[in-house]
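To start, the structure itself, in structure tokens.
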Amino acid sequence: MKKIIFFGPPGAGKGTQAKKISKYLNVSHLSTGDILRKKLLDEDELANELKSIMSSGNLVSDEILNSIVASRLKNEKDRGFILDGYPRTLKQSEFLDDFLLQTSNSINFYFNININFETLKNRILKRSSEESRDDDNIDVLQTRYNEYINSTQKVSNFYKDKQSTIFFDIDGSLQIEEITEKIKEIIKKS
Ligand code: AMP
């Protein structure tokens, strides 16, 4: 069963592609952003804490993320999965790699969707009017983009270097369907 990780800056379209590819392969789509947004509905203390971090565009703590992902992967690891939005820090990637090693699992593909900041800005503004996410505005986007450059890009570069044969850079400025086709072709080839 396929195990895949999607990387890319906020608004690159990784969520859209992860959803499409998870249907295509019939594996779970684990979006940590979606999981956290669901937790916000609990309206408890944790939800309040998460809300203030997420609406500012900063990253939630590694402890919270690692425990969410570990509990979900325990159920999904044998059926395959697509991770979307995790790992975002080197600590998270160490935790994930340890977890996979201990459970005798490995990743089949890393897809890194690239896009420039101008294109991203236009997309995020469009999404903010469609989905009314309160982390979709220019100031917050700048913070989220900085988090991506300062933290997550180091993680994707680490895998690009370490796992170069299964790491694929994808042009995120293409049309959604074109991107999906490119990803499917890569999956079919191997
Ligand atoms: P996303 O929908 O993936 O853009 O995630 C929305 C927000 O959830 C992010 O801006 C972070 O505040 C939080 N988040 C999601 N995934 C992670 C992660 N792996 N580590 C830390 N924070 C995360």
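The values are calculated or read from the model by the stated rules, or taken from the named source; none is laboratory data. Given the structure is predicted, the values throughout are model-derived calculations rather than measurements. With ideal geometry, Cβ positions are generated from the backbone for all residues, glycine too; neighbour counts draw on all protein chains shown. We work out accessible area using only protein heavy atoms, side chains counted, and drop any ligands, DNA or RNA first. Shrake-Rupley method; radii C 1.70, N 1.55, O 1.52, S 1.80 Å.
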- request: Spot the failing condition for Ile176; the list is (1) aliphatic (A, V, I, L, M); (2) open to solvent by 40 Å² or more (accessible area, probe 1.4 Å); (3) under 17 Å from Lys3 (Cβ atoms), and only one is missed.
  value: (3)
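Surrounded by 16 or more Cβ atoms within 10 Å (Cβ to Cβ) and either farther than 21 Å from Lys184 by Cβ or within 12 Å of the ligand (Cβ to nearest atom) (or both): which single residue out of Lys74, Lys39, Lys3 fits that description?
Numbers: Lys74 fails: surrounded by 16 or more Cβ atoms within 10 Å (Cβ to Cβ); Lys3 fails: either farther than 21 Å from Lys184 by Cβ or within 12 Å of the ligand (Cβ to nearest atom) (or both).
When all the criteria are applied, what remains is Lys39.
Considering each residue of the stretch 139-166, count those that are open to solvent by less than 60 Å² (accessible area, probe 1.4 Å), within 17 Å of Ala12 (Cα to Cα) and not β-branched (Val, Ile, Thr), and give that number.
7
Hey, among Asp139, Asp169, which residue is part of a strand (DSSP E or B) and of a type in the set (D, E, K, R)? Quick ask: steps written out before the conclusion?
On the way: Asp139 fails: part of a strand (DSSP E or B).
Just a single option satisfies the conditions, and that option is Asp169.
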field: Counted residues, the stretch 25-80 - those being among the polar types (S, T, N, Q), in contact with a helix residue (DSSP H, G or I) (Cβ under 6 Å, 6 or more places away or on another chain) and without any contact (Cβ under 8 Å) to a residue 24 or more places away in the chain
entry: 0
- prompt: Are any of the residues in the stretch 154-162 small (Gly, Ala, Ser), on the phi > 0 side of the Ramachandran plot and in contact (Cβ under 8 Å) with a residue 60 or more places away in the chain?
  reply: no
statement: The residue from Gly33, Gly8, Gly13 that alone is within 21 Å of Arg127 (Cα to Cα), within 9 Å of the ligand (Cβ to nearest atom), within 14 Å of the chain's Cα centre (by Cα) and small (Gly, Ala, Ser) is Gly33
- prompt: Under the condition of being in contact (Cβ under 8 Å) with a residue 60 or more places away in the chain and either among the small types (Gly, Ala, Ser) or within 12 Å of the ligand (Cβ to nearest atom) (or both), which residue from the stretch 87-109 is surrounded by the fewest Cβ atoms within 10 Å (Cβ to Cβ)?
  reply: Ser106
- request: Tell me, yes or no, whether the stretch 16-28 has at least one residue that is buried (at least 19 other Cβ atoms within 10 Å of the Cβ), β-branched (Val, Ile, Thr) and near the ligand (Cβ under 8 Å from one of its atoms).
  value: no
